[in-house]
Amino acid sequence: GAVVSQHPSRVICKSGTSVKIECRSLDFQATTMFWYRQFPKQSLMLMATSNEGSKATYEQGVEKDKFLINHASLTLSTLTVTSAHPEDSSFYICSAIWGRETQYFGPGTRLLVL
Amino acid sequence: GENVEQHPSTLSVQEGDSAVIKCTYSDSASNYFPWYKQELGKRPQLIIDIRSNVGEKKDQRIAVTLNKTAKHFSLHITETQPEDSAVYFCAASTAQGGSEKLVFGKGTKLTVNP
């Protein structure tokens, strides 16, 4: 149990385009999911908390208009990077809470903006 | 907000030796402390966790200890094997409206030499 999937695993896009990343909990329902960004050889930095049926909560310094989050169902949260630029290139990972507080992570999406 | 410090940043041991990674946290209200293992390019995987009502927890070769008074917790890996080589992250939870938001340490790169 507690499997989280993410799609796509890798994406390359041109500067100025938008990219959508999906995060799914496959065998459980998750009212809360989290989106992280991880730069090479660095730790996981929380971007936002995604709550089913309500607006996401963004961490300080994260632009909510640039990183759009939609948690439309109990098994799906999406992150859209709008007007992507090279500095947005990173490893984006989602997680979902299973049980009371345990977070299980998706496999990540490697984004490269040219 | 919560701040988690993790040491050392790199650790190299010989196969069969023990490895210890230490973390400190700042928020005395934190009550959940998971440890994740991340191999290169892959998702973080939960290896063990501990809650504040317990001082120690063990799972085969892995153990975690928690000192709430001193606000520090440690990961102990005994009889290390080359496949234990990875980056290990500690984290502490800060409740956020019922959702347990994790704050991560900067990670420890463990290398187990055969």
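GluC sites (Glu not before Pro) within the stretch B:34-114: which are DSSP loop residues with at most 13 other Cβ atoms inside 10 Å? Within the stretch B:34-114, the qualifying GluC sites (Glu not before Pro) (loop, at most 13 other Cβ atoms within 10 Å) are B:Glu39, B:Glu79. Amide H contacts for B:Glu15 (H built 1.01 Å from N in the peptide plane; partners 5 or more residues away or on another chain; cut-off under 5 Å): B:Asn113.
For the stretch A:17-113, the relative contact order is 32 percent, taking Cα pairs closer than 8 Å that sit 6 or more residues apart in sequence and dividing their mean separation by the residue count. Sparse packing (at most 12 other Cβ atoms within 10 Å of the Cβ) combined with a DSSP loop state is found for none of the chymotrypsin sites (Phe, Trp or Tyr not before Pro) in the stretch B:32-114.
Put A:Trp98, A:Trp35 in order of accessible area, highest first, and with a 1.4 Å probe you get A:Trp98, A:Trp35. Over the stretch B:64-114, Cα pairs under 8 Å with separation of 6+ residues give a relative contact order of 34 percent. Seen from every direction in turn and averaged, the convex hull around the alpha carbons of chain B projects onto 6.9 nm².
Counting Cβ atoms of other protein chains within 10 Å of each Cβ in A:97-107 and taking the mean gives 5. For A:Leu112, the accessible area of its heavy atoms, probed at 1.4 Å with every protein chain present, is near 80 square angstrom. Taking every residue in B:82-93 and counting other chain Cβ atoms within 10 Å of its Cβ, the average works out to 1. For B:Ile50, the residues whose amide H sits under 5 Å from its own are B:Phe33, ignoring neighbours fewer than 5 places away on the same chain, with H placed 1.01 Å from N. Once C-alpha pairs closer than 8 Å and six or more residues apart are averaged by separation and normalised to the residue number of chain B, the relative contact order reads 36 percent. Most simply put, the protein assembly as shown has about 90% antiparallel DSSP beta bridges, counting only bridges with both residues inside it. Over what distance in Å are the Cα centres of the stretch A:1-79 and the stretch B:44-114 separated? A separation of 24 Å, based on Cα centres. Simple point charges give the picture: +1 on the Cβ of Lys and Arg, -1 on the Cβ of Asp and Glu, and for the stretch A:41-114 a dipole about the Cα centre of about 140 debye. Note on the protein assembly as shown: Cα-only Rg and Dmax are 17.7, 51 Å. Both chains summed, the buried accessible area for A and B stands near 1700 Å², from protein heavy atoms and a 1.4 Å probe.
Here the dipole of chain B is about 260 debye; that uses its Cα centre as origin and unit charges on the Cβ of Lys and Arg (positive) and Asp and Glu (negative).
For the residue pairs A:Lys55/B:Lys109; A:Lys14/A:Lys55; A:Lys55/B:Lys22; B:Lys37/B:Lys68; A:Lys14/B:Lys22, the C-alpha atoms sit more than 32 angstrom apart in A:Lys55/B:Lys109; A:Lys55/B:Lys22; A:Lys14/B:Lys22.
The values are calculated or read from the model by the stated rules, or taken from the named source; none is laboratory data. Remember, it's a predicted structure, so these values are computed and weren't measured experimentally. Heads up, the Cβs are rebuilt from the backbone with ideal geometry, glycines too, and the neighbour counts pull from every protein chain shown. All accessible areas refer to the heavy atoms of the entire protein, side chains included, with ligands and DNA or RNA removed. Shrake-Rupley method; radii C 1.70, N 1.55, O 1.52, S 1.80 Å.
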